[in-house]
């Protein structure tokens with residue numbers, strides 16, 4: 001069981017990341033880190049890195065599992081601002097180890113090092129720069145950083161209008177809202193791949209008008225409808241649609257089929273935290289499958305949602321793109 005929060009309601013357990021069926025939570029009041037599996041209820045408490053290693057008020061943590069033994073894991077801590085720092089905690093040694101920050105190529109002089117929350121995919125953790133058109137990528141095998149360029153219109157895009165994820169067949173993919181046309185917004189899908197000349201770059205995969213996601217019967221002249229990206233994993237994009245100040249819906253979009261699936265209709269309260277978890281062994285009949293859960297602001301609020309194999313990812317506090 002996760003230890004109780006302190007009496008100060010502004011401090012306590014905060015969801016940071018999801019991977020391998022585990023959620024990573026951080027308690028700023030007690031300087032504890034927890035790796036929790038909601039299905040098995042396995043709980044691992046990790047001490048906070050020493051202040052002489054990580055002194056940022058908001059370091060970021062991601063869990064890495066051993067391929068040989070799922071009971072052994074590492075916790076990676078990244079501090080972008082101030083002095084960039086990288087540290088790893090291993091359950092094998094129960095100690096934090098500081099690693100050199102190796103970045104190729106080095107960041108430009110004067111870079112403010114402000115990044116959106118990281119996304120963990122296929123052996124990498126990716127961070128979108130807050131004001132420039134690139135993604136910082138950490139290879140979790142070599143613990144070295146590199147950069148991936150993005151289309152220029154994504155330079156200063158809001159965090160809730162952009163997500164990195166992967167297609168159902170595991171290709172690196174991104175979705176972003178392009179509002180260069182003031183009359184209508186477009187959800188743009190690009191996949192990282194090689195062109196006819198063998199040059200790797202972001203290839204346009206698909207586009208969707210934001211009007212596809214808005215229920216016109218719920219729109220009013222008093223308020224604009226707004227669309228924001230809540231999460232993107234394994235070919236499914238989760239979108240929050242806001243109608244006025246108090247009505248929100250959560251839908252999923254399959255990039256493979258273009259099919260929309262309504263998860264919460266008018267009862268959704270953001271932010272939510274979709275994540276993927278295995279079926280309980282007692283429900284598996286000679287077939288591997290998966291089940292989606294949607295949590296509220298704490299793991300105790302989890303409830304099952306029926307979707308067509310809909311997976312999920314971490315979602316943070318909402319901001320939005322207006323759709324007239």
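The values are calculated or read from the model by the stated rules, or taken from the named source; none is laboratory data. Given the structure is predicted, the values throughout are model-derived calculations rather than measurements. Glycine gets a Cβ as well: all are built from the backbone with ideal geometry, and neighbour counts include every protein chain shown.
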Out of all the residues in the stretch 41-79, which are surrounded by 19 or more Cβ atoms within 10 Å (Cβ to Cβ) and assigned to a loop (DSSP other than H, G, I, E, B)?
48, 49, 54, 59
Can you tell me which residue within the stretch 186-200, out of those that are without any contact (Cβ under 8 Å) to a residue 12 or more places away in the chain and in a strand (DSSP E or B), is nearest to residue 133 (Cα to Cα)?
200
Is there a residue being crowded, with 19+ Cβ neighbours inside 10 Å and modelled with pLDDT under 90 anywhere in the stretch 92-114?
no
Name the pairs whose Cβ atoms lie under 6 Å apart, with the first residue in the stretch 145-159 and closer than 19 Å to residue 125 by Cα, the second modelled with pLDDT under 90 and not in a loop (DSSP other than H, G, I, E, B), and 6 or more positions between them or separate chains?
145/103; 146/104
Of all residues in the stretch 115-126, count the ones that are out of contact with any helix residue (DSSP H, G or I) (no Cβ under 9 Å at 6 or more places or on another chain), free of Cβ contacts under 8 Å to residues at least 60 places away in the same chain and surrounded by 16 or more Cβ atoms within 10 Å (Cβ to Cβ).
4
For the stretch 94-107, give me each residue that is assigned to a loop (DSSP other than H, G, I, E, B) and more than 14 Å from residue 44 (Cβ to Cβ).
100, 101, 102, 105, 106, 107
Is there a residue being at pLDDT below 90 and part of a loop (DSSP other than H, G, I, E, B) anywhere in the stretch 203-210?
no
Can you name the residue in the stretch 112-140 that is assigned to a loop (DSSP other than H, G, I, E, B) and more than 20 Å from residue 18 (Cβ to Cβ) and is also farthest from the chain's Cα centre (by Cα) among such residues?
112
